[in-house]
Amino acid sequence: MDKRRFLVDAVVVEGRGVGEVARAYGVSKGWVSTLVSRYRSGGYEAIAPRSRSPHSSPRRVSDEVENAIITMRKHLAESGFDAGPQTIHWHLTKQLTTAPSISTIWRVLTRRGFIVPEPKKQPKSSFIRFEAEFPNECWQADVTHWALADGTDVEILDFIDDHSRVIVAAEVRPVTKAPDVVTTFQNAAVSWGYPASVLTDNGAVFNANSRKGTTIFQVELERLGIAYKHSRPYHPQTCGKIERWHQTLKKYLAKQPPAATITELQAQVDRFVRYYNEERPHRARNRMTPKSAFASREKAAPGSPIQNPHFRVRTDKVDSSGKVTLRHDSTLFHIGIGRRYAGLRIHLYVIDLDVRIVTSDGELIRHFTLDPTRVYQPLG
């Protein structure tokens with residue numbers, strides 16, 4: 001028998017006192033009185049447990065907004081695009097007068113079964129991330145594979161800007177050869193400018209060090225004064241940004257009709273690159289699109305065409321007299337910037353003797369060639 005009914009019957013049917021029943025069964029007198037009162041006004045149904053949830057919740061979104069969230073989630077997922085709460089929020093801000101918050105979207109997706117929480121997942125705060133300070137400071141490159149409708153294997157050569165995540169090139173070929181890498185790289189540079197450095201894996205089209213030789217791509221980079229870096233064998237995490245792009249691209253391509261030809265596949269890739277660069281907010285760039293992130297800061301550039309340029313990026317604070325220091329060849333140099341910048345945190349981008357001083361907002365405040373014969377580098 002339900003405990004509530006048991007207590008009510010002890011008072012109503014047996015005729016026992018409320019206080020006596022409460023003491024006998026270890027409950028409060030007020031609760032017994034409340035149960036008896038409810039029974040006398042509504043019968044046994046009135047003493048059934050009641051929900052403690054509020055009659056209304058100011059945090060609950062309307063059915064219209066919830067349907068908009070679910071519709072957007074399905075549309076993005078079916079199109080092969082990122083469909084997380086942040087991306088859904090970004091799109092809804094363009095559709096609704098007042099878009100729900102990211103946390104609200106997350107709760108709706110979780111309640112509707114679109115997201116399964118993973119409490120044991122390693123937190124993002126535990127990751128060690130490496131990121132270029134400026135656009136064109138470093139490009140990552142790699143080749144991935146895809147299959148046409150008839151099963152023919154083709155290759156996609158991609159270049160991504162490490163800082164902004166802009167896809168500067170994505171070209172489909174039956175097989176990517178060393179000269180193709182140079183052609184794609186030069187075409188990308190026409191639109192985006194030359195990078196200060198390039199990072200690849202140890203693929204034969206990029207790097208011939210293991211064969212004790214040099215690829216045409218390495219020769220071209222050296223000619224342009226662009227530093228070439230490569231990951232160590234069997235460590236794809238070094239080129240993690242281009243690897244992550246390949247996952248995103250393939251997720252999109254898997255949702256498209258299988259391309260019958262390289263031309264059709266290239267058109268699909270081009271469409272997604274435009275969307276990725278210009279429309280899709282990137283969570284690693286504070287929800288800016290990659291193209292906006294690329295345009296928002298001063299660009300790095302190649303150094304002089306020398307054998308092994310030395311690249312450095314460091315952060316410093318302008319002292320009270322308007323100077324910062326920089327060590328070169330074991331000598332400490334003092335660089336004049338101006339007293340009006342005293343106390344400002346700045347970034348120094350150094351390629352051998354070429355020095356660029358930039359504010360945290362991306363404003364270039366000084367660009368000069370270091371004079372090793374002078375300890376103090378004056379303005380002008």
Calculated P(r) tail over 26 Å for the chain, as whole % of Cα pairs:
67 percent
Anyone know which of ARG23, ARG111, ARG345 comes out most mobile in the 10 Å Cα GNM of the chain?
ARG23
Nearest 10 degrees is fine. How inclined is helix 262-278 to the longest principal axis of the chain, computing both from alpha carbons?
70 degrees
If you filter region 5-51 for GluC sites (Glu not before Pro), then keep DSSP loop positions with at most 10 other Cβ within 10 Å, what is left?
GLU14
Quick check on the chain: helices-only [θ] at 222 nm, where DSSP H runs of length 4 and up contribute -39,500 (n - 2.57) each and the sum goes over total residues. Nearest 500, please.
-10500 deg cm²/dmol
How far, in degrees from 0 to 90, does helix 63-79 lean away from the longest principal axis of the Cα atoms of the chain, to the nearest 10?
40 degrees
Quick one: putting +1 on the C-beta of Lys and Arg, -1 on the C-beta of Asp and Glu, what dipole do you get for the chain around its Cα centre, in Debye to the nearest 20?
1960 debye
³J(HN,Hα), Karplus 6.51/-1.76/1.60, whole Hz, each residue of region 250-258, x for Gly, Pro
5, 4, 5, 4, 5, 8, 9, x, x
If the elastic network links every pair of Cα atoms under 10 Å, which of ALA68, ALA170, ALA141 fluctuates the most in the Gaussian network model of the chain?
ALA68
Helix 178-192: angle to the longest alpha-carbon principal axis of the chain, degrees 0 to 90, nearest 10?
70 degrees
Tell me whether region 324-365 comes out rounded, prolate or oblate; compute the Cα gyration tensor, take square roots of the eigenvalues as a ≥ b ≥ c, and use a/c under 1.5 as the rounded threshold.
oblate
Mind checking the full-extension length gain between THR373 and VAL13? Use 0.36 nm per residue of separation minus the Cα-Cα distance, one decimal, nm.
118.9 nm
Relative contact order for the chain: what percent, with Cα pairs under 8 Å and sequence separation of 6 or more?
11 percent
Taking Cα pairs under 8 Å and at least six residues apart, what relative contact order does region 311-377 come out at, in percent?
30 percent
Go through region 130-161 and name the chymotrypsin sites (Phe, Trp or Tyr not before Pro) that are in a DSSP coil and have 15 or fewer other Cβ atoms within 10 Å of their Cβ.
PHE130
Length-normalised contact order for region 3-47 - Cα pairs under 8 Å, 6+ apart - percent:
36 percent
Order 84-93, 331-340 from most to least packed using the mean count of other Cβ atoms within 10 Å.
84-93, 331-340
Along its principal axes, what span do the Cα atoms of region 139-295 show, with the longest given first and each in whole Å?
43, 40, 30
From phi via Karplus (6.51, -1.76, 1.60), per-residue ³J(HN,Hα) for region 194-210 in Hz, x at Gly/Pro
7, x, 7, 8, 10, 10, 9, 7, 9, x, 4, 6, 9, 9, 10, 4, 5
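The numbers here are math on the coordinates, done by the rules we state, and not lab data. None of these values were measured; they are calculated from a predicted model. Note that each Cβ is placed from the backbone with ideal geometry, even for glycine, and that neighbours are counted across all protein chains shown.
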